[in-house]
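Engineer: Can you read through this structure? Questions will come right after.
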Amino acid sequence: MDETAKLTVLYDESCGLCRRCRDWLLTQPCLVEVELLPSGSPQSRDRFGAVPWLGKELVAVDDRGRVWVGPAAFLTCLWATVRYRAWAYRLAGPRLAPLAERFFMLVSKRRDRWSAWLGRDDPNCTWCDEIGFYWSDS
């Protein structure tokens, strides 16, 4: 995947958690260009309408046309970032991949509850600005 120059991430724009994750990814320094598109937008439908999971799952597509869906797309988003690339490799390894997949599926299955808890529809919410998530690379 190292030859990838651009990653397009298609997210559910009606999901508060998904929008929060989009906002977080926008703040991260990335090693490749990252384009974030709402999956229901005309541009997404025009460019990626043939992707069967569009609008139902998190989808990442690179500039070579490779597609990752669900947990794999989540790890691909981490892979794109400066800070979390090493974690993406760790989480994709044989020991942690099953746990990473279960975690993603658990969060994804209950994203309506996470969205309500995060209060993403509050235009004055600065949660992402005030709370930092830091993982040690050691």
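The values are calculated or read from the model by the stated rules, or taken from the named source; none is laboratory data. No experiment lies behind these values; they were computed from the predicted model shown. Don't worry about glycine lacking a Cβ; one is built from the backbone with ideal geometry, like all the others, and counts go over all protein chains shown.
Engineer: Quick one: which of LEU75, LEU17, LEU91, LEU10 is in contact (Cβ under 8 Å) with a residue 40 or more places away in the chain, within 19 Å of SER108 (Cβ to Cβ), part of a helix (DSSP H, G or I) and among the aliphatic types (A, V, I, L, M)?
Structural biologist: Working: LEU75 fails: in contact (Cβ under 8 Å) with a residue 40 or more places away in the chain; LEU91 fails: in contact (Cβ under 8 Å) with a residue 40 or more places away in the chain; LEU10 fails: part of a helix (DSSP H, G or I).
Going through LEU75, LEU17, LEU91, LEU10 in turn, the sole match is LEU17.
Engineer: Applying the selection to the stretch 27-71, what residues are under 17 Å from the mean Cα position of the chain (by Cα) and of a type in the set (Asp, Glu)?
Structural biologist: Listed by number, the residues that qualify are GLU33, GLU35, GLU57, ASP62, ASP63.
Engineer: In addition: For PHE103, all conditions in the list (1) modelled with pLDDT of 70 or more; (2) hydrophobic (A, V, I, L, M, F, W, C); (3) over 17 Å from the mean Cα position of the chain (by Cα) hold save one; what is the number of the exception?
Structural biologist: Going through (1) modelled with pLDDT of 70 or more; (2) hydrophobic (A, V, I, L, M, F, W, C); (3) over 17 Å from the mean Cα position of the chain (by Cα) one by one, PHE103 breaks only (3).
Engineer: Further, regarding this structure: Out of (1) at pLDDT 95 or above; (2) over 22 Å from GLY16 (Cα atoms), the odd one out for LEU75 is which?
Structural biologist: Tallying (1) at pLDDT 95 or above; (2) over 22 Å from GLY16 (Cα atoms), LEU75 fails exactly one: (2).
Engineer: So GLY40 clears everything in (1) out of contact with any Gly (no Cβ under 7 Å at 6 or more places or on another chain); (2) part of a loop (DSSP other than H, G, I, E, B); (3) not aliphatic (A, V, I, L, M) except one condition, right? Which one?
Structural biologist: The number of the failed condition is (1).
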